1. Kindly indicate which of LEU235, LEU247, LEU251, LEU265 is in contact with a Lys or Arg (Cβ under 6 Å, 6 or more places away or on another chain), touching a residue at least 40 places away in the same chain (Cβ under 8 Å) and either of a type outside the set (Phe, Trp, Tyr) or in a loop (DSSP other than H, G, I, E, B) (or both).
2. List pairs: first in the range 205-221 and within 18 Å of HIS151 (Cα to Cα), second at pLDDT below 95 and not in a helix (DSSP H, G or I), Cβ under 6 Å, 6+ apart or cross-chain?
3. State all residues of the range 125-150 that are touching a helix residue (DSSP H, G or I) at 6+ places or on another chain (Cβ under 6 Å), within 17 Å of GLY45 (Cβ to Cβ) and free of Cβ contacts under 8 Å to residues at least 60 places away in the same chain; if no residue qualifies, say none.
4. Restricting to the range 181-230, and then to whatever is among the hydroxyl-bearing types (Ser, Thr, Tyr) and not in a helix (DSSP H, G or I), can you tell me which residue is farthest from the chain's Cα centre (by Cα)?
Amino acid sequence: MQRDELADFLRRRRKAIRPTDVGIAAGPRRRTAGLRREEVAMLAGISVDYVIRLEQGRSSQPSTQLLAALSRTLRLSDDERDHLFHLAGHQPPPAEGAGRLARAGLIRMLDLLGDIPAAVMSDLGEVLAQNRTSVLLTGDQTHFTGDRRYHVYRWFTEPEVWATHPAEEREHHARAVVADLRATAGRRAGDPVVQGLVDRLLAASEEFARRWSEHQVEVRRADRKTFVHPRIGSLLMDCETLVTPDLGQQLIVLTPADAETRERLDLLRVVGVESFSTETTR
């Protein structure tokens with residue numbers, strides 16, 4: 001671990017990020033260049049004290065999970081992310097692991113979309129990053145571990161996930177997620193990560209096995225789906241999917257499909273702000 005080099009790199013990257021790049025209003029009295037340490041801590045989900053110790057070269061060795069969070073927060077490029085891992089005494093994530101870090105450009109697009117729910121997903125259906133409105137709509141989808149990281153795995157092994165969509169759409173959704181996984185498996189033939197996921201799903205779910213045997217293929221690009229929110233009710237959303245050139249990551253953008261959904265989405269943002277205010281005053 002190269003503590004002094006790590007400290008210098010983190011300080012410089014923090015000062016290079018504009019607050020507006022991460023959805024923070026700059027304000028007329030702001031004197032700090034870039035982000036404040038407490039803002040980095042908040043966005044990365046770590047303590048301010050640890051950020052200070054990192055930037056002063058006094059910290060313990062950060063974990064790979066913490067480095068991934070800092071990479072997202074500081075909008076690091078792939079090369080910068082690998083450099084951060086080296087300075088911290090870790091090997092950069094391998095190909096599959098690197099794919100689990102949302103690309104810096106896609107994260108910037110999440111910020112620019114603002115009030116429009118958007119998320120970055122891997123080609124296996126793992127949510128890598130969300131903007132605030134996406135979290136309000138679907139909850140935090142980035143904290144899962146193991147096979148539960150993949151939406152298709154949760155769909156076929158955890159029936160409570162079905163409640164996020166109305167009953168009449170569940171058949172379509174189940175077929176679509178399997179067909180999308182089939183397309184990914186074809187494109188990444190021989191990849192042990194993909195094959196392992198498929199094998200474990202075949203063993204865990206008879207329904208998945210039946211649908212997999214049908215060999216339907218469909219790459220999801222555009223769709224219309226209904227989300228069922230526990231407080232707001234049903235929201236009919238148009239789903240647009242933008243993919244990276246290597247097809248490894250997708251930017252999922254959800255827009256209201258009708259006026260009623262637009263009003264409910266506005267209400268959801270208000271309810272979310274009120275909930276956050278209540279939690280911070282407890």
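The values are calculated or read from the model by the stated rules, or taken from the named source; none is laboratory data. These numbers were taken from a predicted model, which means no experiment stands behind them. Using ideal geometry, Cβ is built from the backbone for each residue, glycine included, and neighbour counts are taken over all protein chains shown.
1. Selected residue: LEU235, the only one of LEU235, LEU247, LEU251, LEU265 that is in contact with a Lys or Arg (Cβ under 6 Å, 6 or more places away or on another chain), touching a residue at least 40 places away in the same chain (Cβ under 8 Å) and either of a type outside the set (Phe, Trp, Tyr) or in a loop (DSSP other than H, G, I, E, B) (or both).
2. Listed by first residue and then by second, the contacts come to ARG220/THR241; ARG221/THR241.
3. ALA129
4. Filtering the range 181-230 down to residues among the hydroxyl-bearing types (Ser, Thr, Tyr) leaves 184, 205, 213, 226.
Restricting the remaining residues to those that are not in a helix (DSSP H, G or I) gives 205, 226.
On the way: SER205: 26, THR226: 20 Å.
Looking at residues that are among the hydroxyl-bearing types (Ser, Thr, Tyr) and not in a helix (DSSP H, G or I), I get SER205.
Residue-wise test of (1) assigned to a loop (DSSP other than H, G, I, E, B); (2) β-branched (Val, Ile, Thr).
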{"position": "VAL40", "(1), (2)": "no, yes"}
{"position": "VAL51", "(1), (2)": "no, yes"}
{"position": "SER59", "(1), (2)": "yes, no"}
{"position": "ALA68", "(1), (2)": "no, no"}
{"position": "GLU80", "(1), (2)": "no, no"}
{"position": "PHE85", "(1), (2)": "no, no"}
{"position": "ILE107", "(1), (2)": "no, yes"}
{"position": "ASP111", "(1), (2)": "no, no"}
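Matching residues to (1) touching a strand residue (DSSP E or B) at 6+ places or on another chain (Cβ under 9 Å); (2) loosely packed, with under 14 Cβ neighbours inside 10 Å; (3) small (Gly, Ala, Ser); (4) assigned by TED's automatic domain parsing to the domain that holds VAL135:
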position	(1), (2), (3), (4)
LEU197	yes, no, no, yes
ALA203	no, yes, yes, yes
GLU206	no, yes, no, yes
TRP212	no, no, no, yes
ALA222	yes, yes, yes, yes
THR226	yes, no, no, yes
LEU236	yes, no, no, yes
CYS239	yes, no, no, yes
ALA259	no, yes, yes, yes
